[in-house]
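The values are calculated or read from the model by the stated rules, or taken from the named source; none is laboratory data. Since we're looking at a predicted model, the values are computed, not measured. We place every Cβ from the backbone using ideal geometry, glycine too, and count neighbours over all the protein chains shown.
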Amino acid sequence: MQSYQFNYSLYNKRVKTTKKEGFTVIVIAIIILMGLAFFISTNISRNDNYFFVEVGNFFKYTDATSLAGEIQSKGGAGYVYYDGSYHVLTSFYLSKEDAESVCSNLIETYPSTKIFTIEQDKLKTNKNLSKQEQQFITKINKANKTLYEGLYTAITRYDTSADNINQLSLNLTSLYDNYLKETDDIKNFFNNPTQLASKNYILDIAECTKGLKDNINEANHSSVLKYDLIKIVMLHCSFINSL
């Protein structure tokens, strides 16, 4: 019988090769995961998306306002947004899925119906502001989001008959009171002339919300609710851009 002789030199080479290959695979995997993490962080967290249903897009303001009036007579917002052309918006939605659902219901009557999306940069830290100012802006940003999400929910519940007009009125009053509470100390901020626009956007949002709760019994309140909700979202975007 031939005796077995252990070849240490050959064994050592095989072990080193296996370790080297294993280490290479791990390094490549780490690089891929780091790249994926960077891609996700830079492509998901840079902005917020706001979804609207658009029923027409025109180069002439008169054409846009004509359709806007028709939409308002049917209970839609009829909000005209300009970014080089005039977009006629009928409503705002928190999710793309909800906006798509409404589009499918309107496209037969209005063939140009589609989702119109505004991409808004998220709130960033401004090194020129004090810590207290930055904290206040962060609080305002949160208050704005709470407000327009709350308004969207209240309007949706009313439109679907889940709430009657009395409950809607209570919801609007509560949203307004909470917004005033969250923004009450605005008098201590944005007093620099260069910050006046930022301050006015917040005051306009408060005034718009006050108008909603005060005029809830108007004949065209359904249209006004949707119109002012879009207006508040636009004012919020303008506020973020002004910082």
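Things to note:
- When Asn217, Asn144, Asn126, Asn191 are screened for being assigned to a loop (DSSP other than H, G, I, E, B) and touching a residue at least 60 places away in the same chain (Cβ under 8 Å), only Asn126 passes.
- For Gly84, the conditions (1) on the phi > 0 side of the Ramachandran plot; (2) buried (at least 19 other Cβ atoms within 10 Å of the Cβ) all hold with the exception of (2).
- Against the list (1) touching a residue at least 60 places away in the same chain (Cβ under 8 Å); (2) surrounded by 12 or more Cβ atoms within 10 Å (Cβ to Cβ), the condition Glu119 fails is (2).
- Test: residue in the range 134-148 that is surrounded by fewer than 16 Cβ atoms within 10 Å (Cβ to Cβ) and farther than 24 Å from Met234 by Cβ: yes
- The single residue among Glu97, Glu108 that is exposed (fewer than 12 other Cβ atoms within 10 Å of the Cβ), outside any strand (DSSP E or B) and within 15 Å of the chain's Cα centre (by Cα) turns out to be Glu97.
- Checking Val88, Val80 one by one, the residue that is assigned to a strand (DSSP E or B) and in contact with a Gly (Cβ under 9 Å, 6 or more places away or on another chain) is Val88 and no other.
- Residue list for the range 39-73, restricted to those being surrounded by fewer than 13 Cβ atoms within 10 Å (Cβ to Cβ), modelled with pLDDT of 95 or more and outside any helix (DSSP H, G or I): Asn49, Phe59, Lys60
- The residues in the range 160-181 that are surrounded by fewer than 16 Cβ atoms within 10 Å (Cβ to Cβ) and part of a helix (DSSP H, G or I) can be counted, and the count is 9.
- When the range 91-102 is limited to residues that are out of contact with any strand residue (DSSP E or B) (no Cβ under 6 Å at 6 or more places or on another chain) and of a type outside the set (D, E, K, R), the one that is farthest from Asp228 (Cα to Cα) turns out to be Ser101.
- None of Phe116, Phe136 is in contact with a Phe, Trp or Tyr (Cβ under 6 Å, 6 or more places away or on another chain) and under 27 Å from Asn178 (Cα atoms) except Phe136.
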